[in-house]
Amino acid sequence: MLTTYIYPKFEYRTPPEIASGKTLKVPVVVVGAGPVGLGAALDLEQQGVPVLLLDEDDTVSIGSRGVCYAKRALEILDRYGVGDAVCSKGVSWNVGRTFFREQEVYNFNLVPEPDHHRPGMVNLQQYYLEEYLAARAASRPNIDLRWRNKIVSVAQTGKTVTLKVETEDGFYSVETDWLIAADGARSPIRRMLGLDIEGKIFMDRFLIADVVMKADFPAERWFWFDPPFHPGQSVLLHKQADSVFRIDFQLGWDADPEEAKKPENVLPRIKAMLGAFDGAVDKPAREFELEWVSVYTFQCRRMGSFNHGRVLFVGDAAHQVSPFGARGANSGLQDADNLGWKLKLVLDGKAPEKLLDSYSEERIFAADENLVNSTRSTDFITPKSKASRTFRNAVLGLAKDHAFGRALVNSGRLSVPAFLTTSSLNTPDCAGDTFAGRMVPGAPMDDAPIIENCDAGWLLNKVGKEFVLLCFVDDPKSLDPAVLAVSSAPSARDTAPGSAGGITFADIPLRTVVVSRKPGTVGGGIPTLEDPRGIAAQRYDAKPGTVYLLRPDQHVAARWRSLDAAKVKAAVARATCNA
Amino acid sequence: MALNLNPNFSEVGKRYFNAYSPGDDFYEMLINAHRDLSDEQSELLNARLILLLANHIGDIGTLREALNVAREGV
């Protein structure tokens, strides 16, 4: 049925351990080469950690699954080397229309906030994302990617996780220090370890139809509540790449999934929907071709802890939400982003294993936020009681004329990263240091346009991967000499950590980056980013002398109005559980 | 006091990073308040709630305006 996409078939190679009979010993194994497992492998590879990545299948995600990749995920994908591919293939949309029964209640135009590299979201079929990530992973020498390698048993003893892997040529064993389980909602690893995931199943079914439009159709998002062509239910339409439109029909719990999927039942629904859009029954019917049909239910649940000894759960294996708000793959990529640098420090002996508890704490905080938001959307879209339905319909009625009503319409709140304000890794602002704006300790960094060596670029592409001390000045010439004193040139630091006068704590690398309103460089090998319109300074409420300590995953760890090396060291220690 | 028809929810001491959060907080509380009630009980809850809020607002002019806006769409 699928005509626009050809699934790649990845090559299986006989693992050398089958013939040798030797146990493979590696520091990290990632199980599951979906978006999150591939992301985790690429994150670790960038940190210099060799990764064995195993997947029981040999292709990408089949059919219509993830659709919407939000700004934070795109920024992370930039770091994994596939941001441009995803954004150029993906479809951007700004106009969203909300309909209630026969009428358009209101529309919105999500004009992207200016001066950010990436838009709020792009729509792209999940198989493209996986294809790009898999190609990237295959090109990295530090990633040993093995398709059609299936885990059949997992055991933890002391500091070692032992895996038995099945292939068509036989079995082999792997011993690893750390196992990252990215093996999806039904996680076999979770089951083999006898671990629970708690939550609830929503008593509803949704029909997904992907259709290829034969003529132009607007790149907009439409959401219908109780439309005449599908009474009492909701319908969502989204544009994806290749003129493929994804339509989600709410079916209700009593629907028979097999009946609903039959073309003779699906096609009339779609025709009625397109007829309703055109607003005229006498127009010739739009031509379209059906590419994919499936029926899904969903659950909202998460594990009590995302780390169990030396096994770390990421993505759907750890937490699942309703699809409203695109919080599945988006939050899974943030899991990978949060975990990579922490695992690297632990593997290098630069941080205690306790740092990985903070992975679980921070991502549970984020998962709970996602669960709350997606559950609220679900409750609005599919009211469970008469009173709830009455309120929902009243909101939709008021939304037509009143701004407060529009703000209450909840057809999915777009995935945004969690502000980790309660994280134990944050250093609170010093008394007397006052800051306006959103860049509080724990905040995910805002982007800003900058110029480096005459090249226009973006702040987020200049920081991350390591801890960064971001120092704001008005003029490079007026840089506080203390910054130079605490900043060692990268070359000096690499050869002799901590010996060149730079700030280091437990040999944890800390790069200095200067943001200056005026052009120039500060010398000493320190990158100097010009902030010609002062947008970075405004978003970070920075004054000359203001310093931010940024985590490798681009969250704010601490900030001060002036540099104090002792405070920076203490904050790095705190952010790495070395305090 | 003119009837405020713009988004107006907030909670003292709470910091919001997304504009939709305070409204969604309220809406969830409202729906939860009706959980496990019969339709008749829900109607009674709504009536009590309206009376409580009306008394809190107090200003008859504002209430008249709200009643008119509410009635328009029914």
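Read-outs: derived from the displayed coordinates by stated rules, not from any lab. Bear in mind that the values here come from a model prediction, so they are computed numbers and not experimental data. A quick note on method: Cβ atoms are made from the backbone with ideal geometry, for glycine too, and the neighbour counts reach across all protein chains shown.
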Simple label model, 7 Å out from Cα along Cβ direction - residue B:50 to residue A:567, nm: 5.6
Dividing the convex hull volume of the Cα atoms of chain B by its residue count, what figure in Å³ per residue is obtained? 128
With an 8 Å Cα cut-off and a minimum separation of 6 or more residues, compute the relative contact order for chain A in percent. 14
Answer in debye to the nearest 20: the dipole magnitude of region A:206-297 about its Cα centre, from +1 Lys/Arg and -1 Asp/Glu charges placed on Cβ, is 180
Projected area averaged over all directions for the convex hull of the alpha carbon atoms of region A:9-61, nm², comes out at 4.2
Debye equation applied to the C-alpha atoms of region A:216-375, log10 I(q)/I(0) at 0.09, 0.14 Å⁻¹: -0.46, -0.82
Counting each DSSP H run of 4 or more residues in chain B as -39500 (n - 2.57), what helix-only mean residue ellipticity at 222 nm follows after dividing by all residues, to the nearest 500 deg cm²/dmol? -20000 deg cm²/dmol
On each of the three principal axes the extent of the alpha-carbon atoms of region A:505-544, given in whole Å and largest first, is 37, 22, 12
Using only the alpha carbons of the protein assembly as shown, determine the length spanned along each of the three principal axes and report them from longest to shortest in whole angstroms. 75, 69, 47
Report, in degrees rounded to the nearest 10, the 0 to 90 angle that the Cα long axis of helix A:35-46 makes with the longest principal axis of chain A. 20
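Could you give the length gained on full extension between residue A:18 and residue A:219, defined as 0.36 nm per residue of separation minus the Cα-Cα distance, in nm?
Values: separation 201, 0.36 × 201 = 72.36 nm, distance 5.07 nm.
Contour length minus Cα-Cα distance gives 67.3 nm.
Taking a quarter of the surface of the Cα convex hull of region A:200-241, what do you get in nm²?
Value for region A:200-241: 4.4 nm².
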Sum -39500 (n - 2.57) across every DSSP H segment of at least 4 residues in chain A, then divide by the residue count to get the 222 nm mean residue ellipticity, nearest 500. -8500 deg cm²/dmol
Test of understanding: express the Cα radius of gyration of region A:206-297 as a ratio to 2.2 N^0.38 Å, with N the residue count. 1.02
How large is the Kirkwood hydrodynamic radius of region A:1-116, in angstrom, based on all distinct alpha carbon pairs? 18.2
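What pairs in A:150/A:214; A:71/A:567; A:150/A:262; A:150/A:384; A:9/A:462; A:71/A:543 have C-alpha atoms more than 30 Å from each other? All intermediate terms of the calculation are to be shown ahead of the outcome.
Working: A:150/A:214 41 Å; A:71/A:567 32 Å; A:150/A:262 33 Å; A:150/A:384 41 Å; A:9/A:462 36 Å; A:71/A:543 27 Å.
The pairs that break the limit, which is 30 Å between Cα atoms, are A:150/A:214; A:71/A:567; A:150/A:262; A:150/A:384; A:9/A:462.
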Which trypsin sites (Lys or Arg not before Pro) from region A:1-39 combine a DSSP loop assignment with at most 13 other Cβ atoms within 10 Å? A:9, A:13, A:22
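Where the convex hull is taken over the Cα atoms of region A:347-434, what is its projected area averaged over directions, in nm²?
On the way: hull surface 39.6 nm².
So the mean shadow area of the Cα hull is 9.9 nm².
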Give a quick list of chymotrypsin sites (Phe, Trp or Tyr not before Pro) in region B:9-74 that DSSP marks as loop, anything other than H, G, I, E or B, with at most 16 other Cβ atoms within 10 Å. B:9, B:16, B:17
